[in-house]
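Below: one structure, written as structure tokens.
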Amino acid sequence: MDNNTRHGLNRRDFLKASAVTAVATALAASPLAGNITFAQSASQDLEILNYALTLEHLEAAAYRAVIGSGLLSGKALEYFQDFGAHEAAHVDALTTTIKSLGGTPVAAQAKYNFPAFKSQQEVLEYFHTVEELGAAAYLGQAPRLMSGDLLTAAVSIHNVEAQHAAVLADMIGVSPAPDFGTPKSMDQVLAVVTPILTVPGSMPSGMPTTGRGGSFRQSGGGNVPY
């Protein structure tokens, strides 16, 4: 194993450990028992965390698929290997958090409806959009998190998603992010990702599960959890 490979693996291992540690620290500071107000707020936080986990499963699967596609090489492949490890760390951290709060983490899908990429440039452009959407999704839900400790953990993940988007923007030669990020609601995000979550050739019996025993239902403004 050369020094570059060793450095990349160590960096990914550190990121994964840091993400899980941050979540564990947040949980340790949270009142988990004997508090009705917390029980009510925890329900909303679990909804948001499972929504985030649904997106992280999708991103992690997308990175795994494209890394194995043979379309990437050089610096792009190195970045995608790192970014894929980051998304896997986010999945682990969110899963650990949800379980510790007494919730049921949403599972990854067996298949996702990703585009059929034909070139590295198409991959870079697509993932730039995905990472920007992920950052906007976290930004949109941050004000809704009831636990300040979980907010800190969520913002740390948002920061990584935004860094991914910035690197990809540089690689495809587009302008960097504006002065202020734009949040996106669940409805806006789900309008984009629902086709990816739908297996080709079939229509889902319901919208993606939130992990709370419910699904996303259609409303006048789009898909909302219930």
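Counting neighbouring beta carbons within 10 Å and listing from fewest to most, the residues S43, S156 come out as S43, S156.
Between Q163 and A65, the simple label model (points 7 Å from Cα in the Cβ direction) yields a spacing of 2.6 nm.
Of the peptides 45-57, 184-196, the ranking by mean beta-carbon count within 10 Å, highest at the top, reads 45-57, 184-196. Between K111 and S185, the C-beta separation translates, for a Förster distance of 30 Å, into a calculated FRET efficiency of about 0.65.
Listed by chain and number, the aspartates and glutamates placed with their C-alpha closer than 19 angstrom to that of K75 are D2, E87, E122, E125, E131, E161, D170; residues fewer than eight positions away on the same chain are left out. Using 0.36 nm per residue and subtracting the Cα-Cα separation, the extra length available between Y126 and K99 on full extension is 6.5 nm.
Summing Lys and Arg as +1 and Asp and Glu as -1 over all other residues whose Cβ lies under 12 Å from the Cβ of V193 gives a net charge of -2. Size descriptor for the stretch 37-91, Kirkwood hydrodynamic radius: 12.6 Å (Cα pairs only, one decimal).
All of the numbers you see were taken from the coordinates with simple rules; none came from a lab. Computed from a predicted structure; not experimentally measured. Cβ atoms come from the backbone with ideal geometry, glycine included; neighbour counts cover every protein chain shown.
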